[in-house]
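**Student:** Next up is a structure, given as structure tokens.
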Amino acid sequence: MSHSPLPSSPALRIADDGHLPVTHGRIMDFAADPIAGMRRMWAWHGEVSALQEATQRIYFVFGPEYTRQVLSDSQRFHSSFFAIRGPRKSAQRRVTSGLLTMNGDQHKEQRRFVMGPFQKRAIAAYHDHVAGHSQDLVRSWQPGTTRDVAADMTHYMLRLTSSILFGLDQPELAYNIGELTEKWVALNHRIGPAALTSDPGLVAEYDLLLQSAEDLEKAVLEMIRLRRGGHLGHDVLSLLIRAHDEMGNVSDDQLIGHIVLLFGAAHLTSAHTLTWTLFLLAQHPEIMRQLNDELQSSLVGSSPTHEQVDALPVLDRVMKESMRVLPASAYSQRIAAEPVQLGPFEVSPTSVIVFSQFITHHMPELFPQPEKFLPERWETISPSPYAYLPFGAGPRMCIGAALGMMQLKISLPTFLKTRKVTVVPGSEINGRVISTMLFPTDPVPMLIEENDGRFEASHVTGNIHSLVDLPAVAPQILRRAA
């Protein structure tokens with residue numbers, strides 16, 4: 001896909017602000033289609049630019065140089081994970097008061113507190129639990145049936161994330177909290193753009209968000225009371241409660257905020273990563289064959305053992321490339337905490353700075369043929385942490401990255417060891433950034449069959465072709481789809 005300068009939209013105008021790389025347009029247009037907006041900014045202006053509407057300005061940085069400046073300097077560039085914090089004494093304010101919205105010394109102190117459940121020893125303890133959940137899903141994938149893989153992955157990660165975070169021994173109560181959290185996260189994603197610019201349709205849902213936060217807080221408090229009543233387990237919440245009671249420097253509000261934001265950061269990103277990876281493998285039969293050969297020759301059981309999780313090189317390359325070409329987190333943002341020089345701009349405090357995993361991962365100078373799914377590239381490349389950043393980078397890199405990768409590297413082989421997935425021919429596959437995440441916006445229907453080692457791509461339509469270059473489908477398959 002070419003990234004030469006794009007034609008100007010009637011709503012956009014390249015400004016001559018003292019020769020600064022500024023485009024005038026509607027910020028809501030960026031929120032409606034962030035990838036198109038960021039591609040325009042990159043094509044027109046390069047690695048640093050700004051979008052201005054009236055007196056409001058949003059800055060954009062792409063590529064490792066400016067991304068490093070923004071993500072490595074947590075003193076000048078602060079995190080604000082959720083755009084809508086709610087009134088001062090509201091449940092919305094409390095449940096958004098966890099690690100991901102903290103800054104400065106408070107963030108450093110609380111990060112040390114939260115890191116315990118994500119150390120290597122703690123993660124290893126979840127291995128059998130993840131394998132069991134993934135095997136349960138495979139049993140539900142009956143050969144000869146068609147499944148919406150996007151829905152399956154969302155439900156699968158909802159149950160898995162809920163149980164690991166809230167209760168391995170209380171699965172239904174944990175699942176209920178997970179459902180409430182999912183509803184609350186979805187409302188934040190839907191309403192979040194209203195924080196950038198006024199939209200009456202989004203603002204009208206504000207009361208629903210506040211009520212959702214109250215319901216969620218009540219459920220988490222109930223689980224905390226249960227745990228403190230003598231039912232501490234090995235889930236993340238139990239481990240944090242133990243640390244909380246030993247350290248005494250973490251409030252219950254902060255404890256709730258930590259656990260809720262961890263769920264918000266983990267659930268959908270992992271679900272979307274699994275969905276996009278299954279889709280990319282199904283549409284690249286040769287790569288699927290290579291992975292299948294590795295799984296059939298290396299796995300004795302249906303899931304990787306603890307020792308095998310990081311010892312499957314083809315799987316490792318597939319996961320890295322999937323998270324490069326279709327990263328679940330397409331962009332994120334920081335807030336300037338003080339005046340700072342950013343390229344040619346003198347950025348004032350409270351300004352929003354957007355950095356983009358999607359655009360940086362698609363820069364041809366970093367990744368040749370960036371629109372193609374080429375796992376073999378990882379045999380020879382080793383990009384910097386600010387050129388390849390599916391989990392972010394710097395002092396605020398995702399605290400659950402190792403746990404997330406362990407879940408992905410157990411789940412995917414378990415799904416594919418005994419099952420073959422083929423996209424239903426003629427399916428319309430669409431992706432859209434909602435809030436900051438690259439969602440599949442429609443069902444991703446796949447035919448489930450016993451794995452016979454014979455893989456075929458399918459003809460598909462939809463805007464997926466604007467996001468990734470898919471190989472041409474053989475004529476006989478096109479005829480069958482017709």
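**Student:** Name the residues in the range 132-170 that are modelled with pLDDT under 95 and assigned to a loop (DSSP other than H, G, I, E, B), would you?
**Tutor:** GLY167, LEU168, ASP169, GLN170
**Student:** Quick check: is even one residue across the range 403-420 in contact (Cβ under 8 Å) with a residue 40 or more places away in the chain, closer than 30 Å to GLN75 by Cβ and among the hydrophobic types (A, V, I, L, M, F, W, C)?
**Tutor:** Yes, the range 403-420 contains a residue that is in contact (Cβ under 8 Å) with a residue 40 or more places away in the chain, closer than 30 Å to GLN75 by Cβ and among the hydrophobic types (A, V, I, L, M, F, W, C).
**Student:** Kindly indicate which of SER302, SER348, SER329 is within 15 Å of the chain's Cα centre (by Cα) and at negative phi.
**Tutor:** From the options SER302, SER348, SER329, the qualifying one is SER329.
**Student:** Quick check on the range 206-224: of everything there that is surrounded by 14 or more Cβ atoms within 10 Å (Cβ to Cβ) and over 19 Å from ILE259 (Cα atoms), which residue is modelled with the highest pLDDT?
**Tutor:** Result: LEU208.
**Student:** Could you pull out the residue among LEU278, LEU274 that is under 17 Å from ILE410 (Cα atoms), modelled with pLDDT of 95 or more and over 13 Å from the mean Cα position of the chain (by Cα)?
**Tutor:** Being under 17 Å from ILE410 (Cα atoms), modelled with pLDDT of 95 or more and over 13 Å from the mean Cα position of the chain (by Cα) holds for just one of LEU278, LEU274, which is LEU278.
**Student:** Please pick out the residue among ALA387, ALA457, ALA393 that is in contact with a helix residue (DSSP H, G or I) (Cβ under 6 Å, 6 or more places away or on another chain) and under 16 Å from GLU321 (Cβ atoms).
**Tutor:** Criteria check complete, one pass: ALA387.
**Student:** Here's another thing I want to ask about it. Of the numbered conditions (1) touching a Gly at 6+ places or on another chain (Cβ under 8 Å); (2) more than 28 Å from ARG324 (Cβ to Cβ); (3) among the charged types (D, E, K, R), ARG57 satisfies every one except a single condition; which is it?
**Tutor:** For ARG57, the failing item is (1).
**Student:** May I pose another question? May I ask you to list the residues in the range 329-360 that are β-branched (Val, Ile, Thr) and closer than 29 Å to LEU467 by Cα?
**Tutor:** Once the filter is applied, which keeps residues that are β-branched (Val, Ile, Thr) and closer than 29 Å to LEU467 by Cα, the range 329-360 yields ILE335, VAL352, ILE353, VAL354, ILE359, THR360.
**Student:** Shifting gears a bit: What single numbered condition from (1) of a type outside the set (S, T, N, Q); (2) modelled with pLDDT of 95 or more; (3) closer than 22 Å to ALA43 by Cα fails to hold for VAL433?
**Tutor:** (2)
**Student:** Got at least one residue in the range 245-260 being in a helix (DSSP H, G or I), within 30 Å of ARG94 (Cα to Cα), at pLDDT below 95 and touching a strand residue (DSSP E or B) at 6+ places or on another chain (Cβ under 7 Å)?
**Tutor:** In the first step, residues of the range 245-260 are kept if they are in a helix (DSSP H, G or I); the result is 245-247, 252-260.
From the residues that got through so far, the ones that are within 30 Å of ARG94 (Cα to Cα) too are 245-247, 252-260.
If we keep only those that are at pLDDT below 95 as well, we get 245-247, 252-260.
Adding the requirement that they be touching a strand residue (DSSP E or B) at 6+ places or on another chain (Cβ under 7 Å) leaves none.
No: the range 245-260 contains no residue that is in a helix (DSSP H, G or I), within 30 Å of ARG94 (Cα to Cα), at pLDDT below 95 and touching a strand residue (DSSP E or B) at 6+ places or on another chain (Cβ under 7 Å).
**Student:** Any residue that is basic (Lys, Arg), more than 24 Å from ALA32 (Cα to Cα) and out of contact with any helix residue (DSSP H, G or I) (no Cβ under 6 Å at 6 or more places or on another chain) - is there at least one of those in the range 430-438?
**Tutor:** No, the conditions are met nowhere in the range 430-438.
**Student:** Another question, if that's okay. When you scan the range 13-131 for helices (runs of 4 or more DSSP H) that lie fully inside it, which ones turn up with 1 or more residues that are at pLDDT 95 or above and more than 18 Å from LEU255 (Cβ to Cβ)?
**Tutor:** It comes to 34-45, 64-72.
**Student:** Could you go through the range 81-92 and let me know if any residue there is over 26 Å from SER351 (Cβ atoms) and either under 20 Å from the mean Cα position of the chain (by Cα) or surrounded by fewer than 13 Cβ atoms within 10 Å (Cβ to Cβ) (or both).
**Tutor:** Checked the range 81-92: at least one residue is over 26 Å from SER351 (Cβ atoms) and either under 20 Å from the mean Cα position of the chain (by Cα) or surrounded by fewer than 13 Cβ atoms within 10 Å (Cβ to Cβ) (or both).
**Student:** Here's another thing I want to ask about it. Can you pull out the residues in the range 23-57 that are surrounded by fewer than 20 Cβ atoms within 10 Å (Cβ to Cβ), farther than 22 Å from GLU365 by Cβ and out of contact with any Lys or Arg (no Cβ under 8 Å at 6 or more places or on another chain)?
**Tutor:** Within the range 23-57, ARG26, ILE27, MET28, ASP29, ALA32, GLN52, ALA54, THR55, GLN56, ARG57 qualify.
The values are calculated or read from the model by the stated rules, or taken from the named source; none is laboratory data. Remember, it's a predicted structure, so these values are computed and weren't measured experimentally. We place every Cβ from the backbone using ideal geometry, glycine too, and count neighbours over all the protein chains shown.
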